[in-house]
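> I'd like to ask you about the structure that follows.
Derivation of every value follows stated rules applied to the coordinates shown; laboratory data play no part. Everything numeric here is computed off the predicted structure, so don't read it as measured data. Cβ placement follows ideal geometry from the backbone for every residue including glycine, while neighbour counts extend to all protein chains displayed.
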Amino acid sequence: MLVLSRHRDESIMIGDDVVVTIVDIRGDKVRLGIDAPQNIPVHRQEVYEAIQRENRKAAEVKPSDTRDLGGK
């Protein structure tokens with residue numbers, strides 16, 4: 001893990017397209033601004049993990065789980 005020190009209003013670059021800026025620091029909380037192209041998803045880690053869990057769950061659907069969806 002790379003650890004960097006930054007002050008408020010300072011930024012770091014990730015690759016050529018992603019800029020992370022320190023927006024505010026209050027006590028033990030740091031607010032970050034992230035400027036990234038629309039094709040790069042940006043999520044908090046807990047949200048990303050929930051998305052991954054749901055995707056894995058959806059991939060495990062058996063054909064018998066969907067037999068009543070045809071409406072016939």
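> List the extent of the Cα atoms of the chain along each of their three principal axes, largest first, rounded to whole Å.
Between the extreme Cα coordinates on each principal axis of the chain lie 62, 29, 24 Å.
> How would Arg53, Arg26 line up from fewest to most surrounding beta-carbon atoms within 10 angstrom?
With the fewest neighbours first, Arg53, Arg26 line up as Arg26, Arg53.
> Hey, with R₀ at 22 Å, roughly what FRET efficiency would Ala50 and Lys29 work out to, going by the Cβ-Cβ distance, to 0.05?
Working: r = 22 Å, r/R0 = 0.99.
Using R0 = 22 Å, I get an efficiency of 0.50.
> In the chain, what GluC sites (Glu not before Pro) fall in a loop by DSSP, with at most 16 other Cβ atoms inside 10 Å?
Glu10, Glu60
> Additional query: Hey, rough spin-label estimate for Val18 and Ala58, points 7 angstrom out along Cα→Cβ, what's it come to in nanometres?
2.2
> Provide Thr66, Thr21 in ascending order of the number of other Cβ atoms located within 10 Å of each residue's Cβ, fewest first.
Taking fewest neighbouring Cβ atoms as first place, the list is Thr66, Thr21.
> Karplus couplings for the range 21-31 from phi (6.51 cos²θ - 1.76 cosθ + 1.60, θ = phi - 60°), rounded to Hz, Gly and Pro as x?
Result, rounded to whole Hz: 10, 6, 8, 7, 10, 9, x, 9, 10, 10, 9.
> Got a sec? How would Ile14, Ile22 order by Cβ neighbour count within 10 Å, fewest to most?
Placing the least packed residue first, the sequence is Ile14, Ile22.
> In whole Hz, with x marking every Gly and Pro, tabulate ³J(HN,Hα) for the range 33-47 from phi via Karplus 6.51 cos²θ - 1.76 cosθ + 1.60, θ = phi - 60°.
Residue by residue, the range 33-47 yields x, 10, 10, 9, x, 4, 7, 10, x, 10, 9, 5, 4, 5, 5 Hz.
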